[in-house]
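K.L.:
This is the structure I want to talk about, given as structure tokens.
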């Protein structure tokens with residue numbers, strides 16, 4: 001089997017995104033295909049990387065829509081399982097002032113958490129350069145055990161491991177369990193994308209430099225840590241022989257933000273794009289600045305549109321804004 005650039009495992013769901021009011025004064029919601037791991041792959045496909053997704057949706061109309069959307073985006077979905085009894089996971093995304101969001105999930109259970117280890121495509125996992133996952137596949141069984149098995153297979157085959165905690169408190173039985181499972185992911189990844197609120201959650205530090213230092217001390221396996229700070233910009237921390245390199249890039253701010261769904265996933269994809277093209281060895285401050293500059297611009301563009309998978313910017317659109 002030919003090698004895939006990135007294989008991701010996790011949730012593929014429908015984001016019902018708030019999109020105005022009806023004539024009767026009722027909230028309107030647009031059904032946008034989403035799910036963080038698949039969002040990442042959608043952006044990577046825009047950047048011409050080969051990608052495959054492993055996950056589970058229901059044997060329902062939403063599941064069919066998601067499968068068709070992912071396939072149309074150029075993502076290999078041979079490992080997308082379908083559940084005949086449990087429906088596709090749904091999320092309601094309420095937009096807050098400034099473009100931030102509040103989530104309500106319909107996932108007790110949802111099809112994505114029922115992915116089993118015996119449904120994994122081991123050939124895919126053993127033929128990727130990067131394996132990417134998030135914490136939503138660690139909230140429940142059996143998908144938690146499937147994630148553990150998938151990561152082990154990819155690691156043994158020599159893949160780099162990418163992790164995005166993507167904390168969604170309502171989906172966890174307890175915040176202590178969330179910390180425990182996110183810590184498991186932090187112990188096993190090479191590349192970490194973590195948001196400011198997640199850094200605070202895991203370290204107790206609102207100061208990014210101190211928080212990143214704690215993560216690097218606790219998890220010496222980390223080779224590249226990127227912290228996203230919303231409209232402020234992003235930071236990169238890269239352990240090097242002479243000490244940790246620290247770089248900050250301000251956000252791309254040109255107005256027109258509608259909502260921020262998919263921004264972090266777009267950023268994450270652009271970081272993986274940079275790693276695929278340049279590797280993880282010997283990165284310089286200039287390299288990190290270039291990586292963040294590109295990722296911030298792409299992330300900004302997706303905030304000017306609703307949804308994620310179908311809203312990812314093209315190379316040409318990112319180049320134009322840069």
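The values are calculated or read from the model by the stated rules, or taken from the named source; none is laboratory data. Computed from a predicted structure; not experimentally measured. Please note: Cβ atoms are built from the backbone with ideal geometry, for glycine as well, and neighbour counts cover all protein chains shown.
K.L.:
Of (1) surrounded by fewer than 17 Cβ atoms within 10 Å (Cβ to Cβ); (2) farther than 30 Å from residue 17 by Cα; (3) over 18 Å from the mean Cα position of the chain (by Cα), residue 215 satisfies all except one. Which?
P.N.:
Unmet condition: (1).
K.L.:
Hey, residue 40 hits all of (1) touching a residue at least 24 places away in the same chain (Cβ under 8 Å); (2) farther than 24 Å from residue 191 by Cα but one; which does it fall short on?
P.N.:
(2)
K.L.:
Anything in segment 283-303 that is touching a residue at least 24 places away in the same chain (Cβ under 8 Å) and surrounded by fewer than 20 Cβ atoms within 10 Å (Cβ to Cβ)? List them, or say none. Quick ask: steps written out before the conclusion?
P.N.:
First, the residues of segment 283-303 that are touching a residue at least 24 places away in the same chain (Cβ under 8 Å): 283-285, 288-289, 291-303.
Passing the criteria: 284, 285, 289, 293.
K.L.:
Taking segment 1-37 as the region of interest, how many residues are in contact (Cβ under 8 Å) with a residue 40 or more places away in the chain and touching a strand residue (DSSP E or B) at 6+ places or on another chain (Cβ under 9 Å)?
P.N.:
25
K.L.:
Something else now. List, please: which pairs have Cβ atoms under 7 Å, are six or more places apart or on different chains, and start with a residue in segment 304-322 that is more than 29 Å from residue 94 (Cβ to Cβ) and end with one that is at pLDDT 90 or above and assigned to a loop (DSSP other than H, G, I, E, B)?
P.N.:
Once the first residue is more than 29 Å from residue 94 (Cβ to Cβ) and sits in segment 304-322, its partners that are at pLDDT 90 or above and assigned to a loop (DSSP other than H, G, I, E, B) give 315/47.
To keep it simple, each residue is scored yes or no on (1) in a helix (DSSP H, G or I); (2) out of contact with any strand residue (DSSP E or B) (no Cβ under 7 Å at 6 or more places or on another chain); (3) on the phi < 0 side of the Ramachandran plot; (4) free of Cβ contacts under 8 Å to residues at least 12 places away in the same chain.
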{"position": "170", "(1), (2), (3), (4)": "yes, no, yes, no"}
{"position": "176", "(1), (2), (3), (4)": "yes, yes, yes, yes"}
{"position": "181", "(1), (2), (3), (4)": "yes, yes, yes, no"}
{"position": "184", "(1), (2), (3), (4)": "yes, yes, yes, no"}
{"position": "188", "(1), (2), (3), (4)": "no, no, yes, no"}
{"position": "193", "(1), (2), (3), (4)": "no, no, yes, no"}
{"position": "199", "(1), (2), (3), (4)": "yes, no, yes, no"}
{"position": "205", "(1), (2), (3), (4)": "no, yes, yes, yes"}
{"position": "209", "(1), (2), (3), (4)": "yes, no, yes, no"}
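K.L.:
Cβ contacts < 8 Å: first residue surrounded by fewer than 21 Cβ atoms within 10 Å (Cβ to Cβ), restricted to segment 69-82; second residue in a loop (DSSP other than H, G, I, E, B), any location; separation 6+ or different chain. Result?
P.N.:
Matching pairs, first to second residue: 76/50; 78/121; 81/115; 82/59.
K.L.:
Go through the residues of segment 243-262 one by one and say whether even a single one is within 20 Å of residue 129 (Cβ to Cβ) and within 16 Å of the chain's Cα centre (by Cα).
P.N.:
The answer is no; no qualifying residue exists.
K.L.:
For residues in segment 120-142 being in a helix (DSSP H, G or I) and touching a helix residue (DSSP H, G or I) at 6+ places or on another chain (Cβ under 6 Å), which is nearest to residue 195 (Cα to Cα)?
P.N.:
Only one residue tops the list, namely 135.
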